[in-house]
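**Student:** Here it is, the structure in full.
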Amino acid sequence: MIDHRRLEDLRAQLDGVDGRMLELMAARQRLVEAVAEVKGRHAPLRDREREQAILARIRAAALDAGLSPKIAVPVWRRLLEVSVEHERRVLEQVEDPGACCGCRDPGD
Ligand SMILES: O=C(O)C(=O)C[C@]1(C(=O)O)C=C[C@@H](O)C=C1
């Protein structure tokens, strides 16, 4: 027979962990926004080499931490995808995104 008390307790713990993860993801999002502003229109938002390095680091760190790479790697892969999408939206919202520091061909 199912132990409802135990189930409720475990779910309460999951809700607590979700809350902590949410705060960390919000902090990460702020950093991603800052990266988007630094890159602006002057560098590609997507950096596949950096993504491969992140995924390799996450795989190793997950193993060390007792987190299955089968969970960690797909979660981070998706996180990187949605982060790039978020960076694109951030840049679209910045006023006058075409404003340039002078790095473009003057004939542009
Ligand atoms: O590091 C960067 O250049 C970023 O834009 C940040 C970030 C990330 O979310 O960590 C997002 C997109 C890139 O493809 C690589 C990494």
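**Student:** Of the residues GLU49, GLU37, only one is open to solvent by 70 Å² or more (accessible area, probe 1.4 Å) and either more than 10 Å from the ligand (Cβ to nearest atom) or at pLDDT below 95 (or both); which?
**Tutor:** GLU37
**Student:** Follow-up question, since we're still on this one. Can you tell me which residue among ALA65, ALA34, ALA43, ALA61 is aliphatic (A, V, I, L, M) and farther than 23 Å from LEU22 by Cα?
**Tutor:** Checking each option against the conditions leaves just ALA43.
**Student:** Looking at GLU92, GLU81, which is the one that is modelled with pLDDT of 95 or more, open to solvent by 50 Å² or more (accessible area, probe 1.4 Å) and closer than 22 Å to GLU33 by Cα? Give the steps one after another, and end with the answer.
**Tutor:** Details: GLU92 fails: modelled with pLDDT of 95 or more.
Among GLU92, GLU81, only GLU81 is modelled with pLDDT of 95 or more, open to solvent by 50 Å² or more (accessible area, probe 1.4 Å) and closer than 22 Å to GLU33 by Cα.
**Student:** May I pose another question? Condition test on ALA72, is it of a type in the set (A, V, I, L, M, F, W, C), surrounded by 10 or more Cβ atoms within 10 Å (Cβ to Cβ), at pLDDT 95 or above and in contact with a helix residue (DSSP H, G or I) (Cβ under 6 Å, 6 or more places away or on another chain)?
**Tutor:** Answer is yes for this residue.
**Student:** When you check ALA61 against the structure, is it without any contact (Cβ under 8 Å) to a residue 12 or more places away in the chain, aliphatic (A, V, I, L, M) and exposed (fewer than 12 other Cβ atoms within 10 Å of the Cβ), yes or no?
**Tutor:** Values: without any contact (Cβ under 8 Å) to a residue 12 or more places away in the chain: yes; aliphatic (A, V, I, L, M): yes; exposed (fewer than 12 other Cβ atoms within 10 Å of the Cβ): no.
No, not satisfied.
**Student:** Something else now. Out of (1) surrounded by 12 or more Cβ atoms within 10 Å (Cβ to Cβ); (2) touching a residue at least 60 places away in the same chain (Cβ under 8 Å), the odd one out for HIS42 is which?
**Tutor:** Just one mismatch for HIS42, condition (1).
**Student:** Quick check on this structure: which one of LEU22, LEU63, LEU80, LEU7 is closer than 26 Å to VAL94 by Cα and more than 16 Å from the ligand (Cβ to nearest atom)?
**Tutor:** Details: LEU63 fails: closer than 26 Å to VAL94 by Cα; LEU80 fails: more than 16 Å from the ligand (Cβ to nearest atom); LEU7 fails: closer than 26 Å to VAL94 by Cα.
Sole residue among the options that is closer than 26 Å to VAL94 by Cα and more than 16 Å from the ligand (Cβ to nearest atom): LEU22.
The values are calculated or read from the model by the stated rules, or taken from the named source; none is laboratory data. Predicted model, so just to flag it, every value in this text is computed and none were measured. Using ideal geometry, Cβ is built from the backbone for each residue, glycine included, and neighbour counts are taken over all protein chains shown. Just so you know, the surface numbers come from the protein's heavy atoms only, side chains and all, with ligands and any DNA or RNA stripped out. Shrake-Rupley method; radii C 1.70, N 1.55, O 1.52, S 1.80 Å.
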